[in-house]
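Input: a single structure, listed below in structure tokens.
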Amino acid sequence: MRLGLDVVEVPRFRAFLERQGERALRRLFSPRELAYARRAKGELFVQRLAVRFAAKEAFRKALGRAVPFREIEVLPGENGPRLLWRGQEFPVSLSHTAGVAAAVVLIPSPARAAAPEG
């Protein structure tokens, strides 16, 4: 199993978005992620984006290689958030406040064949 963790400072992320604008939003987030974040009012909008960015970074760390941010989606689900990549769903935990957004992602290992006894 592989585990990834990332923490984002929300004020720094807000400043980044203010500098980069819509271009950054389109580069980092899917239309569904943006639609979900835009339903929030005020500061919660930035927190939702910051925690999704943290989840994408955590996933890339767990995966052990960079993949395009827009290939990874973090969406709300019935039982909590879902991280989707290439048709697969991965366990993710998100937490955010006005100051910090954090995410943990788990990539389960494929089942291993039992070693022969001998």
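The values are calculated or read from the model by the stated rules, or taken from the named source; none is laboratory data. As the structure is a prediction and not an experimental result, all values here were calculated from the model. In this analysis, Cβ positions are derived from the backbone assuming ideal geometry, glycine residues included, and neighbour counts consider all displayed protein chains.
Below is a table of values for the structure above.
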quantity: Unique match (being touching a residue at least 60 places away in the same chain (Cβ under 8 Å), in a helix (DSSP H, G or I) and not aromatic (Phe, Trp, Tyr)) among ALA35, ALA62, ALA54; calculated: ALA62
quantity: Qualifying position, being buried (at least 16 other Cβ atoms within 10 Å of the Cβ), under 30 Å from SER109 (Cα atoms) and among the polar types (S, T, N, Q), among SER95, SER30; calculated: SER30
quantity: Selection count, the stretch 1-27, where residues are outside any helix (DSSP H, G or I) and among the small types (Gly, Ala, Ser); calculated: 2
quantity: Checking LEU84 against (1) in a strand (DSSP E or B); (2) over 18 Å from ASP6 (Cβ atoms); (3) of a type outside the set (Asp, Glu), the condition it does not meet; calculated: (2)
quantity: Residue, farthest from VAL74 (Cα to Cα), within the stretch 1-27, restricted to residues that are surrounded by 13 or more Cβ atoms within 10 Å (Cβ to Cβ) and small (Gly, Ala, Ser); calculated: ALA24
quantity: Only one of ARG48, ARG38, ARG52, ARG60 that is surrounded by fewer than 18 Cβ atoms within 10 Å (Cβ to Cβ) and basic (Lys, Arg); calculated: ARG38
quantity: GLU89 in a strand (DSSP E or B) and either exposed (fewer than 15 other Cβ atoms within 10 Å of the Cβ) or of a type in the set (Ser, Thr, Tyr) (or both); calculated: yes
quantity: Given (1) within 20 Å of GLY87 (Cα to Cα); (2) in contact (Cβ under 8 Å) with a residue 40 or more places away in the chain, number of the condition ILE72 does not satisfy; calculated: (2)
quantity: Among the residues listed as GLU78, GLU71, the single one being modelled with pLDDT of 95 or more and among the acidic types (Asp, Glu); calculated: GLU71
